[in-house]
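S.K.: Pasting in a structure now, in C-alpha cells, and then I'll have a few things to ask.
The values are calculated or read from the model by the stated rules, or taken from the named source; none is laboratory data. All figures in this text were calculated on a predicted structure; none of them were measured in a lab. Cβ: placed from backbone, ideal geometry, glycine included. Neighbour counts: every protein chain shown.
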Amino acid sequence: MSTIALTVYVLIWPAVVAVVLYVIGRAFFTEWLEARREGRDII
Amino acid sequence: MNVPAEVQFGVLTVVVILVLFYGITFLISTRIGKKQENADGYMTAGNNIGFGISAASMTATWIWASSMYASATSGYTYGISGPIHYGLWGALMILFIYPFGRRIRAVAPKAHTLAEVMYARHGRSSQLMLAGSNVVGSVISLMSNFIAGGALISLLSPFSFFQGVLAVAGGVLLYTLWSGFRASVLTDFVQVVAMLGAVVVIVPAIFFAADFPAAFESGAATLTPQQGTFFSSDAFLNQGAPYIAAVLAYAIGNQTIAQRLFAVREDLIKKTFATATFGYGAMVIGVGMLGVLALYLGIDPAGGDVNNLVPQMAATYLPPALLVLFFVMIIGALSSTADSDLSALSSIVMTDGYGQAVGKENASPRTMLLIGRITMIVATAAAVAFASLQLSILDLLVFVGALWGALVFPVIASFYWNRVTNKAFTISVVAALAVFLPVRFSLVPLEGAVGIVVDVLSVIGIGVVLGLMVFGFFGARAGTLVGAVAALAAAPFAIGTLHEYTTLSASLVAYSVSTIVCTLISMRNTDLFDFSVIKRRVGDFDPAEADDLAPAHS
C-alpha cells in the first residue's frame, strides 16, 4: 500500500467514529428534550 | 527509532480523575433514581427505551478495554489487516444478532433474560445451561475489566495493581447498585461520548506525533510480507476465522446483548444494532491501528506484554492533557462493560434464580430487588478476588466463546422450529461439549481417521455458521443453500488440514455436533410447540410497571 493509502486507512476510522458520535448524540438529545417536555425521565 | 520518554501521573492527578469520573457518573445515575425502584425496570427499563440511548448503550457495552488492547495486539502481530480481523468480526456479532433478536422479542416481548424464555419454551435443563453460560461469560468479562483498570492505573501512576482494581470495582458498583440496568444504560451514554470523542482526537494525535506518514516509509522494512499485505492469510486463519466462528456464539452467550434486545423499543432494534455495529467497529479498529503504528516504529512492548502497547503508545506520544483523555477513554470503556455485566448477572439471578424458584405470580418485587443488589455486591467481590489471580483473559474468552458455539443452533432453532424439544436441546449441547473438549485440548491424537472425522465435522460447522448468519436475514431456504455451498466449497481445502488449527476446528465441531444431534432428535418429535404459549408464560414481575415507567413515545 502507498503512504497515502496507509494514511487514509489509519485515519478513516476516527472519522467514522465522529459520524457515529454525531448520530447517537443528536438522537439522545432529541429524546431527552421530548422526555423533558412530557415531564418524565428519559429512561 | 528515537522514542520519547513515557509520561506518568502523580497520585493526586489519578485520584482527581477517578473521583471526577465516578462522581459525575454517580450524580447522573441519581437523576433517575427512585426511592422504590421497579423490579422490571431494574432489569429491562420497561422494554421501551429510545434509539439514541440504546445505540449508545449497545456500543459502550460491547467496547471494553480488552477489545482495544486485543485489536492493537492483532495489528502489531499480523500487520495492517490485523485490526480488521479483530474489530470487523466483533462488530458483526452485534449486527448478526438483531434479526434473531426481533424474532425473540416477537415471541417474548416482556422477557428479562434469554434463559427465562428458554424455560418457557423447554424447561429447566435448557434454562440452566443457557443461564450458566451467561453467568460464566459475565463473570469473566467483569474480572477482565477490573484487571484492565488495575493494569492501567498501575502503569500510569504510583498506585499498585490491586489498588487500581479496588478503585474501579468500587466506582462501578457505586453508580450501578441502586437503579441497576437503568443506571447502566443512562451512564453508558456519557461514557460512549467520552470514549468515541477521545478516539477522534487521540488516534490522529499519536499518528502525527509519531512522525507519520513519513514513518510508513522508514519503517516498512520491519514488516514481513504477510504483515504488509491487506490480504494476509496468517491474519485470517489465526485471528479472523476463529472470530467469524464466534460471531453468533458471543451474541447468543452474552446476557448483556439479550438485555438490550429486550429493553429497546421493538421497532428500533434494527436501527440501534446497526448503529452500534458501526460505532464498535470503527472505534476498535481505530484503536487497533495504534498496534500497526507501533509495528512500523519498531517499538517493543513494555515488559514483553503486548497488552501494554496501547497505554505505552499513549504515554509516549501524547501530551499530559490528551493522556488524561486517554485515561478516561479506557476507564469509560471498562466501566461501561462492567456495569452491564453487573446488571446482566443481577437479572439472571433475579429472574432465573428467584423468579423461577417461587413462580412469577408469587415473586415479591421488593425481595427481587434486594436479591439483584446482593448479586451485584457478591459478583463484584468475586471478580475482584479472581482479578488478583491475573489469569489470561483472552485465552479464557476464546475457550468460553467456543463453548458457547455448542448452544447456538439449539437456541436459535428453539425460537423458529416447533419440533425442537428440551431433550433435543440438552442432549445436543452435552454431545457437542463431549466432542469439543477432546478436540480443543488434543486429548486424543488428531491424526489419521480421527483427524479426517474432525475435519469433516469442521466443514459441516462452517456450513452451519454461515448458514445461520444468512438464515437470520433471508430465511431458511437461503440459509440452507449458503450453508451447503459454503461447506462444499471449504471441503477440498479444509479436509486434511483444518484439525491442525485446534482452536478453530474445536469451535466448528461444537457447532456441527450440536446441530446434527439437535436436528436428528427434533425430527422424530411429532408434538408440535405453540409459540404463543411463551408470551403467556413470560411477563412482568412488578405490577407497578405501568405507573413507574411511562412510555418513551406518545
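S.K.: How many of the residues in region A:31-43 are surrounded by 15 or more Cβ atoms within 10 Å (Cβ to Cβ) and more than 7 Å from chain B (Cβ to nearest Cβ)?
M.R.: Residues in region A:31-43 being surrounded by 15 or more Cβ atoms within 10 Å (Cβ to Cβ) and more than 7 Å from chain B (Cβ to nearest Cβ): 3 in total.
Residues checked against (1) crowded, with 16+ Cβ neighbours inside 10 Å; (2) in a helix (DSSP H, G or I):
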residue	(1), (2)
B:458	yes, yes
B:473	no, yes
B:477	no, yes
B:506	yes, yes
B:515	yes, yes
B:527	no, no
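S.K.: Listed residues B:413, B:406; which is in contact (Cβ under 8 Å) with a residue 60 or more places away in the chain and under 17 Å from residue B:136 (Cα atoms)?
M.R.: B:406
S.K.: Next question. Which of the residues that make up region B:283-302 are in contact (Cβ under 8 Å) with a residue 60 or more places away in the chain and in a loop (DSSP other than H, G, I, E, B)?
M.R.: Across region B:283-302, the qualifying residues are B:298, B:299, B:301.
S.K.: Show the residue pairs meeting these rules: Cβ distance below 7 Å; 6+ apart or different chains; first residue within region B:303-319 and over 10 Å from residue B:155 (Cβ atoms); second residue of a type in the set (Asp, Glu) and modelled with pLDDT under 90.
M.R.: B:316/B:6
S.K.: Hey, another quick one. Looking at (1) in a helix (DSSP H, G or I); (2) farther than 18 Å from residue B:278 by Cα, which one does residue B:80 not meet, given that it meets all the others?
M.R.: It is condition (1) that residue B:80 fails.
S.K.: Take region B:296-326 and flag every residue that is more than 21 Å from residue B:64 (Cα to Cα) and among the acidic types (Asp, Glu).
M.R.: B:300
S.K.: Oh, and also: Tell me the helices (runs of 4 or more DSSP H) entirely within region B:143-247 that contain at least 1 residues that are among the aliphatic types (A, V, I, L, M), within 11 Å of chain A (Cβ to nearest Cβ) and touching a Gly at 6+ places or on another chain (Cβ under 8 Å).
M.R.: B:181-209
S.K.: Still on this structure, I have one more. List the pairs whose first member sits in region B:335-364 and is on the phi < 0 side of the Ramachandran plot, whose second member is of a type in the set (Asp, Glu), and whose Cβ atoms are under 8 Å apart, counting only residues at least 6 apart or on separate chains?
M.R.: B:336/B:188; B:339/B:188; B:340/B:188; B:351/B:116; B:352/B:116; B:355/B:116; B:356/B:116
S.K.: Which pairs have Cβ atoms under 7 Å, sit 6 or more apart or on different chains, and link a residue in region A:1-30 that is at the interface with another protein chain (Cβ under 7 Å from one of its Cβ atoms) and free of Cβ contacts under 8 Å to residues at least 40 places away in the same chain to one that is surrounded by fewer than 22 Cβ atoms within 10 Å (Cβ to Cβ) and among the acidic types (Asp, Glu)?
M.R.: A:3/B:217
S.K.: Among the residues of region B:10-36, write down those that are assigned to a loop (DSSP other than H, G, I, E, B) and away from every other protein chain (no Cβ under 12 Å).
M.R.: Scanning region B:10-36 gives B:10, B:35, B:36.
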